[in-house]
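Below you'll find the structure, written out as structure tokens, and then a few comments.
The values are calculated or read from the model by the stated rules, or taken from the named source; none is laboratory data. Owing to the predicted nature of the structure, the values given are computational and were not obtained by experimental measurement. Glycine also receives a Cβ, built like all others from the backbone with ideal geometry; neighbour counts cover every protein chain displayed.
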């Protein structure tokens, strides 16, 4: 593993969109030494990396004690710190356990979910959605004292401000009314509140894995906000739902089911789902992914009353 050609093209492209091509090339050159160092430090037998890497390098490994684990290596990024803090806070309740971490060098050693199949293997969408609701219940908890997790309203405000700044103060390729709706939703529903909880922040089918007859979440963002925020990522994934002519109906059905199983207000869940779609598009545009604009008609549809 000595060049970007040894890594999945999607991983290299995604990282370049966030960090720039030069920084990514430097990290790729350093990656073999990092893997070796972490293997020595934590006494690991490291296997080949997983094939579907997106923003981090991840590989199965085994500890000297014979425990199956996962080695995850980030490029330097602030979200690594919130992931570590979130894993600490959840302490294995609904999420994989954090076994060791060296945030300064981007390394995490994690419990490995077994058998580790993604929630996408469940073909019945109603059943899969119910499993996901169970994970949301398992991970719901109050923010830990003295935490440094970002608030969802702050999370979004920074992204929307960057979008406007990059487009001369306008909404750019995002319809002005739709961006205003998303900004208003995050201000009104996402401001600090006594009912806030610690959220995974990106809980979708790819981040829920089978484990011991149940399901565990991986890759928490670690953010603070209302409980009704959490279903948003589940509604819009897997990503090919945007190309499904019945996509809006699928999202509405999932939203209604999740709201009912979790005791949430249906309209609030769908409002959050639409606003999160706009935020997701804003982030994608920052990474140079103009194709993300195709999600906007779905967001427009979801923000209308059913």
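Values computed for the structure shown
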| item | result |
| --- | --- |
| Residue among 183, 161, 123, 154 that alone is surrounded by fewer than 13 Cβ atoms within 10 Å (Cβ to Cβ), in the same structural domain as residue 230 (by TED's automatic domain parsing) and within 16 Å of residue 278 (Cα to Cα) | 161 |
| Any hit, the range 215-231, residues being at pLDDT 95 or above, in contact with a helix residue (DSSP H, G or I) (Cβ under 7 Å, 6 or more places away or on another chain), farther than 21 Å from residue 300 by Cβ and assigned to a helix (DSSP H, G or I) | no |
| Unmet requirement for residue 40, which otherwise passes all of (1) assigned to a helix (DSSP H, G or I); (2) over 30 Å from residue 144 (Cβ atoms); (3) touching a helix residue (DSSP H, G or I) at 6+ places or on another chain (Cβ under 8 Å) | (3) |
| Given (1) over 28 Å from residue 31 (Cβ atoms); (2) part of a helix (DSSP H, G or I), index of the condition residue 174 fails | (2) |
| Residue match in the range 145-167 (condition: within 30 Å of residue 68 (Cα to Cα), in a loop (DSSP other than H, G, I, E, B) and at pLDDT 95 or above) | yes |
| The listed residue being touching a residue at least 60 places away in the same chain (Cβ under 8 Å) and farther than 21 Å from residue 126 by Cβ, out of 258, 279, 298 | 279 |
| Number of positions in the range 7-20 that are free of Cβ contacts under 8 Å to residues at least 24 places away in the same chain, surrounded by 14 or more Cβ atoms within 10 Å (Cβ to Cβ) and farther than 13 Å from residue 284 by Cα | 1 |
| Residue 100, sole failed condition from (1) surrounded by fewer than 19 Cβ atoms within 10 Å (Cβ to Cβ); (2) outside the structural domain of residue 223 (by TED's automatic domain parsing); (3) touching a strand residue (DSSP E or B) at 6+ places or on another chain (Cβ under 8 Å); (4) assigned to a helix (DSSP H, G or I) | (4) |
| Residue 32 in a helix (DSSP H, G or I), exposed (fewer than 14 other Cβ atoms within 10 Å of the Cβ) and either modelled with pLDDT under 90 or not assigned by TED's automatic domain parsing to the domain that holds residue 198 (or both) | yes |
| Single unsatisfied condition, residue 268 versus (1) surrounded by fewer than 19 Cβ atoms within 10 Å (Cβ to Cβ); (2) outside any helix (DSSP H, G or I) | (2) |
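Every residue, every condition in (1) within 20 Å of residue 138 (Cβ to Cβ); (2) under 20 Å from the mean Cα position of the chain (by Cα), yes or no:
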site: 192; (1), (2): no, no
site: 212; (1), (2): yes, no
site: 215; (1), (2): yes, yes
site: 224; (1), (2): yes, yes
site: 229; (1), (2): yes, yes
site: 249; (1), (2): no, no
site: 286; (1), (2): no, yes
site: 292; (1), (2): no, yes
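The rows are residues; the columns are (1) surrounded by fewer than 16 Cβ atoms within 10 Å (Cβ to Cβ); (2) assigned by TED's automatic domain parsing to the domain that holds residue 285; (3) farther than 24 Å from residue 220 by Cβ; (4) under 21 Å from the mean Cα position of the chain (by Cα).
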{"position": "22", "(1), (2), (3), (4)": "yes, no, yes, no"}
{"position": "38", "(1), (2), (3), (4)": "no, no, no, no"}
{"position": "42", "(1), (2), (3), (4)": "no, no, no, no"}
{"position": "45", "(1), (2), (3), (4)": "yes, no, yes, no"}
{"position": "49", "(1), (2), (3), (4)": "no, no, no, yes"}
{"position": "60", "(1), (2), (3), (4)": "no, no, no, yes"}
{"position": "64", "(1), (2), (3), (4)": "yes, no, yes, no"}
{"position": "69", "(1), (2), (3), (4)": "no, no, no, yes"}
{"position": "82", "(1), (2), (3), (4)": "no, no, no, yes"}
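Each row is one residue, and each column tells you yes or no for (1) in contact with a helix residue (DSSP H, G or I) (Cβ under 9 Å, 6 or more places away or on another chain); (2) in contact (Cβ under 8 Å) with a residue 12 or more places away in the chain.
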residue	(1), (2)
137	yes, yes
143	yes, yes
153	yes, yes
158	no, no
161	no, no
165	no, no
171	yes, no
